[in-house]
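Step one of this worksheet: look at the structure below.
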Amino acid sequence: MQIGKIPGKKLEEIILNKITYKRDDVLLHAGLGEDSAVVDLKGDLLAIASDPITGTSKNAGYLAVHVACNDLAAVGAEPVGIQVILLLPETIREEEIACLMHEIIETAASIKVEVLGGHTEILSLVSQPITCVTAVGRVKREQLVSSSGARPGDDILITKGVGIEGTYILANDYADLLKEKGVSQKTIDEALKYKDKLSVLKEGLLAAEYGVHAMHDVTEGGLYGALEELSQASNTGFELYLDELPVRTETREITEALGIDPAGLISSGSLLITVPEGERLIELLEEEGVHAWKIGAITAEGRTMIRKGRKEVFSWSNKDELWRLME
């Protein structure tokens, strides 16, 4: 099979549709495009999300914590704790394990999240460390948001820009290649600062309190993948305003040098939000130091892109640009 996420229709066919037992106290079940599961504890709700880090080995602990906790923020939940699974190659040194766990513990503490436990194992089957984090959190019933809540007429907002995490990974893992392609050290250094932009806790919790219709964390597949998943989850269409996409200077320079599309690049740190009349929420986010832009609208059906005033059918490669680069 193709490297990367399993395509949505195939995921439903071979995995999601096989999950037939559903409990009454589970409010948000495993589903296409949903970021977290949610359990009713007869008070606040329990949200649960899991994520691996597979596209990079550098700063994997830092990324793993934020990516899993971002999934909770996308349903309006405040993270409480994480469980960590480390699958490690035989060649790893003890000090490398200690360094990885230190990074996880420090990152979790920085967002007031406790490491609750996990599992660590050395395997001959893996060639580099695989870090998996399951995050648990709590959300008030009235503030629960899902990817399936988008409604026709909603504005589509994105925070921070496109390709945030991918820009950081490319600068961190491929600096030599970027220099060969003519990217300056200054641009690479600025892109490395994107590490501080990878959490969406602030905007996720604020948007949930505001009362948005839907949210989705922009991870593998970038904006294209996230928007397609949100559309599938909510059974709606969308219009994407390609000329309005916020592409930061460093992201543009790096992706142009490598010949990749920033809107198809992994982008933890960006949050998709759908809400009627999004201008007021954009103002509130700006007041909290989070930049946001209107990049489209939810429609009843059809998926289209508008480029220079011309409408075209939405299409993308179904593969994250980071994976395409690594092939």
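The values are calculated or read from the model by the stated rules, or taken from the named source; none is laboratory data. Because the structure is a prediction, the values reported are computed rather than measured. For neighbour counting, all protein chains shown are included, and Cβ atoms are generated from backbone atoms with ideal geometry for every residue, glycine included.
Please enumerate the residues belonging to region 179-204 that are in a loop (DSSP other than H, G, I, E, B), touching a Gly at 6+ places or on another chain (Cβ under 8 Å) and not polar (S, T, N, Q).
The initial filter retains those residues of region 179-204 that are in a loop (DSSP other than H, G, I, E, B), namely 181-184, 198-200.
In the following step, the residues that additionally are touching a Gly at 6+ places or on another chain (Cβ under 8 Å) were identified as 198-200.
Selection gives Leu198, Val200.
Regarding Thr304, is this residue at pLDDT 95 or above, within 17 Å of the chain's Cα centre (by Cα) and either more than 20 Å from Thr159 (Cβ to Cβ) or in the same structural domain as Tyr210 (by TED's automatic domain parsing) (or both)? Spell out how you get there, then give the answer.
Working: at pLDDT 95 or above: yes; within 17 Å of the chain's Cα centre (by Cα): no; either more than 20 Å from Thr159 (Cβ to Cβ) or in the same structural domain as Tyr210 (by TED's automatic domain parsing) (or both): yes.
No; evaluated as a whole, the condition is false for this residue.
Yes/no matrix, rows are residues, columns are (1) assigned to a helix (DSSP H, G or I); (2) outside the structural domain of Leu192 (by TED's automatic domain parsing); (3) crowded, with 16+ Cβ neighbours inside 10 Å; (4) in contact (Cβ under 8 Å) with a residue 60 or more places away in the chain:
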{"position": "Leu72", "(1), (2), (3), (4)": "yes, yes, yes, yes"}
{"position": "Gly76", "(1), (2), (3), (4)": "no, yes, yes, yes"}
{"position": "Pro79", "(1), (2), (3), (4)": "no, yes, yes, yes"}
{"position": "Val84", "(1), (2), (3), (4)": "no, yes, yes, no"}
{"position": "Leu100", "(1), (2), (3), (4)": "yes, yes, yes, no"}
{"position": "Thr107", "(1), (2), (3), (4)": "yes, yes, yes, no"}
{"position": "Lys112", "(1), (2), (3), (4)": "no, yes, no, no"}
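Would you tally the residues in region 133-178 being outside any helix (DSSP H, G or I) and more than 30 Å from Asp44 (Cβ to Cβ)?
Result for region 133-178: 6.
So which pairs qualify, if the first residue must be in region 197-217 and among the charged types (D, E, K, R), the second must be assigned to a strand (DSSP E or B), the Cβ gap must be under 8 Å, and the two must be at least 6 apart or on different chains?
Listed pairs, sorted by first residue: Glu203/Thr159; Glu203/Leu271; Glu203/Ile273; Glu203/Ala292; Asp217/Leu271; Asp217/Leu272.
Yes or no: Gly118 surrounded by fewer than 24 Cβ atoms within 10 Å (Cβ to Cβ), at positive phi and either basic (Lys, Arg) or not assigned by TED's automatic domain parsing to the domain that holds Ala49 (or both)?
Against the criterion (surrounded by fewer than 24 Cβ atoms within 10 Å (Cβ to Cβ), at positive phi and either basic (Lys, Arg) or not assigned by TED's automatic domain parsing to the domain that holds Ala49 (or both)), Gly118 does not qualify.
Only one of (1) within 22 Å of Asp196 (Cβ to Cβ); (2) touching a Gly at 6+ places or on another chain (Cβ under 8 Å) is not met by Asp71, so which one is it?
Only one criterion in (1) within 22 Å of Asp196 (Cβ to Cβ); (2) touching a Gly at 6+ places or on another chain (Cβ under 8 Å) is unmet by Asp71, namely (2).
Name the residues in region 270-327 that are in a helix (DSSP H, G or I) and either crowded, with 21+ Cβ neighbours inside 10 Å or of a type in the set (A, V, I, L, M, F, W, C) (or both), would you? It would help to see each step written out before you state the result.
Restricting attention to region 270-327, the residues satisfying the condition of being in a helix (DSSP H, G or I) are 279-287, 321-326.
If the condition is that a residue be in a helix (DSSP H, G or I) and either crowded, with 21+ Cβ neighbours inside 10 Å or of a type in the set (A, V, I, L, M, F, W, C) (or both), then Leu281, Ile282, Leu284, Leu285, Glu321, Leu322, Trp323, Leu325, Met326 are the ones that fit.
Here are Glu165, Glu121: which of them is in contact with a helix residue (DSSP H, G or I) (Cβ under 9 Å, 6 or more places away or on another chain) and of a type in the set (Asp, Glu)?
Only one candidate passes the filter, namely Glu165.
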